[in-house]
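Please read the structure below before turning to the comments.
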Amino acid sequence: MSAANHSQQPIQFAYWVPNVSGGLVISNIPQRTGWDIGYNRKLAQIAERAGFDYALTQIRFTAGYGAENQHESVSFSQALLDSTEKLKVIAALLPGPWNPTLAAKQIATISHLSNARIAVNIVSGWFRGEFKAIGEPWLDHEERYLRSEEFIRCLRGIWTEPSFTFAGDFYRFRDYSLKPKPLAPLPEIFQGGSSRAARDMAARVSDWYFTNGNSVEGIRRQVEDIQSKAQANH
């Protein structure tokens, strides 16, 4: 759902891109979903013909937990964009392994290559073993969302300001200029998470908020909570 009030807009559809083996399904039952690029190109083209609006890639750095093989999300997103004409692809980014400078540059370039069909999903991280395996510091829950919020603020600043300066707890920039900027409209910023910290962050900085399964009433409360806070922040 959108962090702002878009209740008058028609419903849009997205699908979860299986760019990891098993589709991250925790099951001993053999999965029929492929994770190779050939399968995924065909799936993206089928989704586009069926009227889907978005495809969401996944980000994993290490084997295990239902994903023995993983393709990197940003380059995989570019491959899907090259295979389609209208479908928007949401590339998952994980602050820590990604710096806002690298992410802003990658996504700006892909915006030009895809005629502005690229978006991002900022993943704050939940798999401690993954961070340990790649030598990244593991922050506590609240700090992970604070870092993600700074990450988003930096992306937007780099994409929109001629000379970007920022002094945060996690990122610092001084008179940084990125050219070319992404094409208009700017890449949409998605974000998930069910905690209070995740919802408050979505209301402050994200364009779209992913929510997990819940009751109809539970989702309604989440929607009203985030929309009221988003309106107060904008």
For segment 14-233, what is the percent of antiparallel DSSP beta bridges, rounded to the nearest 5? 20 percent
Report the Stokes-Einstein translational diffusion coefficient (µm² s⁻¹, integer) for segment 125-170, Rh taken as the Kirkwood radius over Cα pairs, at 25 °C with viscosity 0.890 mPa s. 203 µm²/s
Give me the extension gain from S228 to W126: residue separation times 0.36 nm, minus the current Cα-Cα distance, reported in nm with one decimal. 34.0 nm
Restricting to Cα pairs below 8 Å that are 6+ residues apart, what does the relative contact order work out to for the chain? Please round to a whole percent. 19 percent
Which whole-percent values make up P(r) of segment 95-234 when all C-alpha to C-alpha distances are grouped in 5 Å steps starting at zero? 2, 10, 18, 19, 20, 16, 11, 4, 1, 0
Which of V223, S177, G22, positive extreme of dipole for segment 14-233 (C-beta unit charges): S177
What does the net charge come to around W138 if you take all other residues with beta carbon closer than 11 Å to its beta carbon, with K and R at +1 and D and E at -1? -1
What is the Cα convex hull volume of the chain when expressed per residue in Å³? 137 Å³
Which whole-number percentage describes the relative contact order of segment 98-224, with Cα contacts under 8 Å and a sequence gap of 6 or more? 28 percent
Candidate span helices, the chain: DSSP H, at least 18 Å along axis from Cα coords, Kyte-Doolittle average at least 0.0, result 100-114
Cβ-defined net charge surrounding Q70, 15 Å radius [Lys, Arg +1; Asp, Glu -1]: -3
Treat every Asp and Glu Cβ in the chain as -1 and every Lys and Arg Cβ as +1, leave all other atoms uncharged, and give the resulting dipole magnitude about the Cα centre to the nearest 20 debye. 260 debye
Order these peptides, 90-101, 163-174, by their mean beta-carbon neighbour count within 10 angstrom, highest first. 90-101, 163-174
Charge sum, other residues only, whose C-beta stays under 15 Å from Q58's C-beta, Lys/Arg counted +1 and Asp/Glu -1: -3
Relative contact order (percent) for segment 40-119, with alpha-carbon contacts under 8 angstrom and 6 or more residues of separation? 31 percent
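Each value in this text was obtained by applying a stated rule to the coordinates, not by laboratory testing. Not measured: the values here are computed from a predicted model. Using ideal geometry, Cβ is built from the backbone for each residue, glycine included, and neighbour counts are taken over all protein chains shown.
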